[in-house]
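Student: I am attaching a structure below and will ask some questions about it afterwards.
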Amino acid sequence: MRQLNVNLDDLAFAFESSFEETHNYFDRQTGEVVVVMDAARRELEALYEELDVEEDKAGELPALSSLLEQQDLPDWQKQAVLEADEIDRGYGTRFIAVPQVDSHEAYGDMEDLITTVKNPHLRELLEVAIMGRGAFRRFKDVLLNYPHERERWFAFRDARMAEQVREWLADHDIEPISGTGGGDD
């Protein structure tokens, strides 16, 4: 296994992220999470169409940089397009897509927590809350009235997420050398 400094909190956030039009990638060289917006990808695809993609993908894409400089885009957007290109060229080797947490797993976490709740009334309220559509919202709403159990839920969920992130890294032969927080521990 390769040891790598990884910000586990950032990676966990990427796992839980479900923002439309964003995609998270893990950089296997730096241990960082890189976010690519669909708008940057669309801009990149339009630029690829203007270039000889086969020729340019082999090199450092100086033609892409020059073509990008001619575009009427803010600097931050040009940088986002270059990052999207870097991910495209390194996808599968340097960069890998960060999976999103499956809602069934998150639902299972709620069910598992409920089995540990000692207060029978609260346990019943939570069991009813997770039935049907809106289960996640109702579950959290019930816990608002039980601050201790709410904190226990966050700790439980965070521990499960940390375990899932570590397993995913191990599946990719990476051993994180940082703590649960950022790489600056």
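Readers should treat all values here as calculations from the given coordinates under stated rules, not as data from a laboratory. In this text, all values refer to a predicted model and were calculated from it rather than measured experimentally. As a convention, Cβ positions derive from the backbone with ideal geometry for all residues, glycine included, and neighbour counts pool all protein chains shown.
Student: Could you point to the residue in 174, 156, 121 farthest towards the positive end of the chain's charge dipole, with +1 and -1 charges on the Cβ of Lys/Arg and Asp/Glu respectively?
Tutor: Comparing the listed Cα positions along the dipole, 121 ranks first.
Student: Could I ask something else about it? Where is the GNM fluctuation largest for the chain (alpha-carbon springs, 10 angstrom cutoff): 96, 174, 130?
Tutor: Most flexible of the set in this elastic network: 130.
Student: Need one word for the stretch 19-97: rounded, prolate or oblate. Basis is the Cα gyration tensor (sqrt eigenvalues a ≥ b ≥ c); a/c below 1.5 gives rounded, then a/b vs b/c decides.
Tutor: Oblate is the answer for the stretch 19-97, as a/c is 1.5 or above yet b/c matches or exceeds a/b.
Student: Suppose every Lys and Arg Cβ carries +1 and every Asp and Glu Cβ carries -1, with no other charges. What dipole size does the chain come out with about its Cα centre, to the nearest 20 debye?
Tutor: The dipole magnitude comes to about 1260 debye.
Student: Report ³J(HN,Hα) in whole Hz for each residue of the stretch 31-39, in order, from the Karplus equation J = 6.51 cos²θ - 1.76 cosθ + 1.60 where θ = phi - 60°; Gly and Pro get x.
Tutor: x, 8, 9, 10, 9, 10, 8, 4, 4
Student: Now a separate question. Using only the Cα atoms of the chain, each taken as one equal point scatterer with no solvent, compute I(q) by the Debye sum, divide by I(0), and report log10 of the ratio at q = 0.09, 0.11, 0.20 Å⁻¹.
Tutor: Results for the chain at q = 0.09, 0.11, 0.20 Å⁻¹ read -0.47, -0.65, -1.25.
Student: Starting with the fewest neighbours, write out 167, 20, 83, 175 ranked by other beta-carbon atoms found within 10 Å of each beta-carbon.
Tutor: 20, 167, 175, 83
Student: Restricting to the chain, compute how many DSSP beta bridges are antiparallel as a %, nearest 5.
Tutor: Of all bridge pairs located within the chain, approximately 65 percent are antiparallel.
Student: Additional query: About its Cα centre, how strong a charge dipole does the stretch 70-172 have in debye, to the nearest 20, once Lys and Arg get +1 and Asp and Glu get -1 at the Cβ?
Tutor: That gives a dipole near 460 debye.
Student: A follow-up question, please. What are the ³J(HN,Hα) values, in whole Hz, obtained from phi via the Karplus relation 6.51 cos²θ - 1.76 cosθ + 1.60 with θ = phi - 60°, for each residue of the stretch 66-79 in sequence order, with x given for Gly and Pro?
Tutor: Here the 3J(HN,Hα) series is 5, 5, 5, 4, 7, 7, 8, 10, x, 4, 4, 6, 4, 4 Hz.
Student: May I pose another question? Cut-off 10 angstrom, C-alpha nodes, Gaussian network model of the chain. Which of 93, 116, 30 fluctuates the most?
Tutor: Among 93, 116, 30, the largest GNM mean-square fluctuation belongs to 116.
Student: Also: Short version: ³J(HN,Hα) in whole Hz for each residue of the stretch 85-91, in order, from phi by Karplus 6.51 cos²θ - 1.76 cosθ + 1.60 (θ = phi - 60°), x for Gly and Pro, what are they?
Tutor: Going residue by residue, I get 5, 4, 5, 4, 6, x, 5 Hz, with x marking Gly and Pro.
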